[in-house]
Amino acid sequence: MSEKMPSQMKAKELLAYYQAKLDEEARQAKANGKLVCWSASVAPPEMCVAMDIAMVYPETHAAGIGARKGALDMLDVADRLGYSVDCCSYGRVNIGYMELLKEEAMSGKTPEALANSPAARVPLPDLVITCNNICNTLLKWYENLAAELNIPCIVIDVPFNHTMPVSEESKEYIADQFRNAISQLEVICGRPFDYEKFHQVRQQTQRSIAQWNRIAAMSQYKPSPLNGFDLFNYMALVVCARSRDYAEITFKKFADELEELYKQGGSAFKGAEQNRVTWEGIAVWPYLGQTFKALKNQGSIMTGSAYPNMWDLSYDAEDESLHSMAEAYTRTYINTCLENKVNVLLKIMEKGQCDGVLYHLNRSCKLMSFLNVETAELIQEKNGLPYVSFDGDQTDPRNFAPAQYETRVQALGEMMDQAQQTGQE
Amino acid sequence: MYTMGIDVGSSSSKVVVLQDGVQVVAQAVVQAGTGSSGPGRALEQVRQFSGLTPEDMDFVLATGYGRTTLPMAQKQMSEITCHAKGVFFQEPSARTIIDIGGQDVKAISLDDRGNIRQFYMNDKCAAGTGRFLEVMSRVLEVDLEEMASYHFRSQSPASVSSTCTVFAESEVISLLSKGTPKEDIIAGVHFSVAAKACALAQRVGVRSEVVMCGGVAQNSGVADAIQRELGQRLLVTHDPQLTGALGAALLAYEEIMRKGKSA
Ligand code: SF4
């Protein structure tokens, strides 16, 4: 590890530094007999962090395995256990990883697939926490983890928002879910809940989110100092460390760097930015470089994506009724009706000054993908932007073909060019 | 001035040479696609016929899945844009295009200037593609070229409803074992391809004229099934397999014109 102090690091270095530190802290916690919790990515970590529990995020961990081309080994394990390829590949990668860790713990021997895996080493959990504010897969997946490992499972149940804005009843119900989780944690930890720390953690979370939103706002400038694909990378910390200052420090640094770049007239794009696209859906982690380059080669920069915006979890940290926090955790755009989803996306496209849209029909993620066909048509009716969709998967490389993707991206580029030319005539 | 369009698809390679952006002076089709000797052989055919090689061209533009593998091409464009261009050149009244190739089915909607309004393609599935027909032709032991004549002899087309190629193959096998006439099975296969293509066309919005291109358009049985499924007239481009290459050659010509303007 470098000798540099965090205060001397660039944002990119901070990102790597804190990611590694979080994993190390989880391993240390395990070694020292402290509790480790595996958590769904948009489940509220505030309660666990207030109880000093080390957090690990399987979705981010699986994304990392995918990006390092290690998904297939984990998927094989899940395949053998009988998980259908139709199940979310984050879940399958993680269940495969868990199974290997479990085998190691029971036999004392490290299975080969684990020893050779490029995955960051994380410890087995002592409890899990999940929330169905982004999908219901996360319920069954975490219940299975808990059942396989015989550990407690905290579920934050969040009703789907068929209408917006979120109703008071719904907020009260979710706030109750938080309170219920608090009493579960008191039993699991064997000590009273630390309300003072809980308050501080909420405040910290809001400071992190404020910096995250500063970054996301940078894509509105033209040329954009922010490459949307960077958000996919920095997302790791908004997921894993939003309730810690690690996220705040890193995001502040990154936002400062972007502002500086913008002031100097620089752009994230090496070469001329010819058009700007929205990427709807999760990244294709095993092919992150290729998917980015296909766009870059034709002068397209990604300046809009609703996915990283799911972590715009702004709420009033002083609201002790927890209604505000409840509202933040339920309004994630995929937990809302189609109409609201369309509005969220329209705003993102407008803010990013996008010229076209790329929809990822992600075999893993039903909730995001199945609505995309309808979403795309509704959006085009409103803003007239050309769009294409491609088949893919966030972490199962067997469900994505670069050539098919490139053809569609190129066609989108040509349609955007055509629109520009027609506009100029 | 000569321009060349090369369309290297998944199962065939096509080349068109245009003079001054209007006249086709040479063309070739070889039934071998990307990664094979197909592109080289198609270029060789063009040379033998016209004496012209890529070096004689003012611009070479490539399209199709193999578009990035051709060192002689100065530019690559997607087959969506190339097909749209090629069809509109041949048939300026075209507003909806159905293009069925080896592994793709697409529906493209055009405005009255030939610009693409919207397009949809099949997802990762062979249903409704040339590959689907190839599989069926093998099971039925009927050459692809002969399928149309069987189609037109059918009295009551069988129903082949599965989307999945493997399922449809079993369906066809069980029809065969039940003694269903091959004419009826083949017509059923064509209607199943038509259903897939028409569903895409309906998504882009069917507006006249509807024009079909791509290798599968050579099978007049499929064209007939599509026409009946749509319930409206379907035109087929001249040399439908070459439409993409023709579009590429036209776009190559536009490329030179644009450069000329800006120079
Ligand atoms: S990728 Fe989709 S299905 Fe999988 S956990 Fe995330 S939201 Fe759920």
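The values are calculated or read from the model by the stated rules, or taken from the named source; none is laboratory data. Keep in mind that this is a model prediction, so the values were computed, not measured. Using ideal geometry, Cβ is built from the backbone for each residue, glycine included, and neighbour counts are taken over all protein chains shown. For the accessible areas, the whole protein counts, side chains as well, though only heavy atoms, and no ligand, DNA or RNA atoms are used. Shrake-Rupley method; radii C 1.70, N 1.55, O 1.52, S 1.80 Å.
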Top of A:Pro386, A:Pro111, A:Pro225 by mean-square fluctuation, Gaussian network on chain A, Cα under 10 Å: A:Pro111
Exposure of B:Phe88 as accessible area (Å², to 10), given a probe of 1.4 Å and all protein chains: 40
Interface size B-A, as summed buried accessible area [1.4 Å probe, Å², nearest 100]: 1800
Amide H partners (placed H, <5 Å) of A:Tyr387, local residues excluded: A:Val357
Hz values of 3J(HN,Hα) by residue in the range A:154-171 - Karplus curve (6.51, -1.76, 1.60), Gly and Pro given as x: 9, 10, 9, 8, 10, x, 6, 9, 6, 9, 10, x, 5, 6, 4, 4, 5, 4
Near-label residues of the range B:3-17 by backbone N, under 19 Å of a point 7 Å along Cα→Cβ of B:Ser37: B:8-15
Surface share of carbon and sulfur [accessible, 1.4 angstrom probe, percent] for the range B:93-236: 48
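How high is the relative contact order of the range A:63-202, in percent, counting Cα pairs under 8 Å that sit 6 or more residues apart?
Working: 126 pairs, mean separation 23.4, N = 140.
Relative contact order of the range A:63-202: 17 percent.
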Ordering of A:85-92, A:367-374, B:75-82 by packing [mean C-beta count within 10 Å, highest first]: B:75-82, A:85-92, A:367-374
Global geometry of the range B:17-132, whether rounded, prolate or oblate, following the gyration tensor of its Cα atoms and the 1.5 cut on a/c: oblate
With DNA, RNA and ligands ignored, accessible area of B:Asp7 (1.4 Å probe; Å², nearest 10): 10
If the convex hull is drawn through the Cα atoms of the range A:308-411, its volume per residue in Å³: 115
Shielding of B:118-128 by partner chains, average beta-carbon count, 10 Å: 4
Distant alpha-carbon pairs in the protein assembly as shown (separation over 50 angstrom), percent: 22
Farthest positive-ward along the range A:18-424 dipole, Cα basis, beta-carbon charges - from A:Ala119, A:Gln353, A:Ala26: A:Ala119
Descending semi-axes in Å of the range B:104-213, equivalent ellipsoid built from Cα gyration tensor: 29, 14, 11
Centroid-to-centroid separation of the range A:180-257 and the range A:1-40 [C-alpha atoms, Å]: 15
Total charge dipole magnitude, chain B, about the Cα centre, Cβ charges on Lys, Arg, Asp, Glu only, Debye to nearest 20: 600
Computed FRET value (nearest 0.05) for B:Asp112 with A:Asn297, which takes r as the C-beta separation and R₀ as 25 Å: 0.20
Under the span-like rule (Cα at least 30 Å along the axis, Kyte-Doolittle mean at least 0.5), DSSP H helices of chain B: B:182-204
Karplus (6.51, -1.76, 1.60) ³J(HN,Hα), θ = phi - 60°, over the range A:69-80, in Hz, Gly and Pro reported as x: 6, x, 5, 4, 4, 6, 4, 4, 4, 5, 4, 5
Amide H contacts under 5 Å for B:Val105, placed H, 5+ residues apart: B:Asn122
Relative contact order [Cα under 8 Å, 6+ residues apart], the range A:302-420, whole percent: 22
With all protein chains modelled, accessible area of A:Ile151 [1.4 Å, Å²]: 30
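With a ≥ b ≥ c the root eigenvalues of the C-alpha gyration tensor of the range A:18-424, is it rounded (a/c under 1.5), prolate (a/b larger than b/c) or oblate?
Prolate.
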Principal-axis tilt of helix A:89-107 within chain A, Cα atoms, nearest 10 degrees: 30
Relative contact order (percent, whole number), the range A:219-336, Cα cutoff 8 Å, 6+ residue spacing: 29
Highest average packing first - B:239-248, B:41-50, Cβ atoms within 10 Å: B:239-248, B:41-50
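Taking the Cβ of A:Leu35 as the centre, find all other residues whose Cβ is under 14 Å away and add up their charges (Lys, Arg: +1; Asp, Glu: -1).
-1
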Shielding by partners, peptide B:74-82 (average Cβ within 10 angstrom, other chains): 4
Cβ-placed point charges (K, R +1; D, E -1), dipole of the range B:93-236 about Cα centre in debye, nearest 20: 460
Gyration tensor verdict on chain B (Cα atoms; rounded if a/c is under 1.5, prolate if a/b is larger than b/c, oblate otherwise): prolate
Partner chain coverage, peptide A:404-414 - average Cβ within 10 angstrom: 6
The range A:360-370 - phi-based ³J(HN,Hα) in whole Hz, Karplus 6.51/-1.76/1.60, Gly and Pro as x: 8, 8, 8, 4, 6, 9, 5, 4, 6, 7, 4
17 Å reach of a label modelled at A:Phe370, 7 Å along Cα-to-Cβ, counting backbone N of the range A:79-99: A:84-89
Nonlocal amide H pairs with B:Gln76, under 5 Å, H built at 1.01 Å: B:Ala62
Heavy-atom accessible area order for B:Lys14, B:Lys124, A:Lys197, largest first, 1.4 Å probe: B:Lys124, A:Lys197, B:Lys14
Cβ-derived FRET efficiency at R0 56 Å, A:Glu196 paired with B:Glu44, nearest 0.05: 0.10
Aspartates and glutamates with Cα under 17 Å of A:Lys102, excluding same-chain neighbours fewer than 8 positions away: A:Asp73, A:Asp76, A:Asp79, A:Glu112, A:Asp126, A:Glu143, A:Glu148
Simple spin-label estimate for B:Phe152 and A:Ser321 in nanometres, 7 Å along Cα-Cβ: 7.7
Angle in degrees between helix A:372-383 and the longest Cα principal axis of chain A, rounded to the nearest 10: 40
Using a Förster distance of 56 Å, the FRET efficiency for A:Ala115-A:Glu377 (Cβ separation, nearest 0.05): 0.70
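What is the extension gain from B:Gln23 to B:Cys125, computed as 0.36 nm multiplied by their sequence separation minus the C-alpha to C-alpha distance, in nm to one decimal?
Result for the pair: 33.0 nm of gain on full extension.
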Most positive-pole-ward Cα, A:Gln298, A:Leu149, A:Thr205, against dipole of the range A:18-424 from beta carbon charges: A:Gln298
Positive-end residue, chain A charge dipole about Cα centroid, Cβ charges, pick of A:Val187, A:Ser224, A:Thr336: A:Ser224
